[in-house]
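The values are calculated or read from the model by the stated rules, or taken from the named source; none is laboratory data. From a predicted model like this one, the values you see are computed outputs, not experimental measurements. Here the Cβ positions follow ideal geometry from the backbone for every residue, glycine too, while neighbour counts run over all protein chains shown.
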Amino acid sequence: MTPPSSSEPGRGDLFSPQCPTRRLLDRIGTKWTSMAVKVLAEASPDEVRFAELQRRMTGVSQKMLSVTLRNMARDGLVDRRVEPTVPPRVHYRLTPLGLSLEGPLSMVRAWAEEHMAEIDLANRRSAEAPTAD
């Protein structure tokens, strides 16, 4: 069976190896992007400072948060504002495009939280099963 192809002009085609949709899904599908979108959506339309994002996103390193937010800004999902203080204060806010991502990501987060026990059980069973390799 041939994978579906997009016929709409300007629309991505996930099944095309050259399509940038694949790279976009790699970026928006990370736990850090999902968490950042959630925190920023809860604050919307207000801004959230970098330090507050890092505090709320337990486990994220400063570098990983910086890379995540830079990618989100490049993709038009967040706006970044820098206060010229010493040290600089950096604020983030979801754009309308970024806010439109909250719904789909919240469904994925809810699914993951609801089914985590089943996934853990499947992983344990898989690890205990003898392999034929």
Exercise. Just one of Asp46, Asp79 is at negative phi, surrounded by 12 or more Cβ atoms within 10 Å (Cβ to Cβ) and at pLDDT 95 or above; which is it?
Worked result: Asp79
Seminar exercise, completed: Taking first residues from segment 56-78 that are under 20 Å from Ser100 (Cα atoms) and second residues anywhere that are in a helix (DSSP H, G or I) and among the charged types (D, E, K, R), the pairs with Cβ under 7 Å that are 6 or more apart or on different chains are Asn71/Arg27; Asp75/Arg27
Problem set entry | Subset tally (residues that are in contact with a strand residue (DSSP E or B) (Cβ under 6 Å, 6 or more places away or on another chain) and surrounded by fewer than 18 Cβ atoms within 10 Å (Cβ to Cβ)) for segment 49-76 | 2
Seminar exercise, completed: Selection from segment 73-93 of residues closer than 23 Å to Arg23 by Cα, among the acidic types (Asp, Glu) and in a strand (DSSP E or B) yields Asp79
Problem set entry | Restricting segment 94-133 to residues that are in a helix (DSSP H, G or I) and of a type in the set (S, T, N, Q), the residue that is farthest from the chain's Cα centre (by Cα) | Ser126
Exercise. Restricting segment 13-35 to residues that are among the small types (Gly, Ala, Ser) and touching a Lys or Arg at 6+ places or on another chain (Cβ under 9 Å), which is surrounded by the fewest Cβ atoms within 10 Å (Cβ to Cβ)?
Worked result: Ser16
Exercise. Within segment 76-87, is there a residue that is of a type in the set (Gly, Ala, Ser) and under 20 Å from Phe50 (Cα atoms)?
Worked result: yes
For this session: Name every residue in segment 92-113 that is small (Gly, Ala, Ser) and under 10 Å from Leu77 (Cα atoms), in order of residue number.
Result: Gly98, Ser100
For this session: Run down Arg11, Arg55, Arg27, Arg70 and say which single residue is charged (D, E, K, R), part of a helix (DSSP H, G or I) and modelled with pLDDT under 95.
Result: Arg27
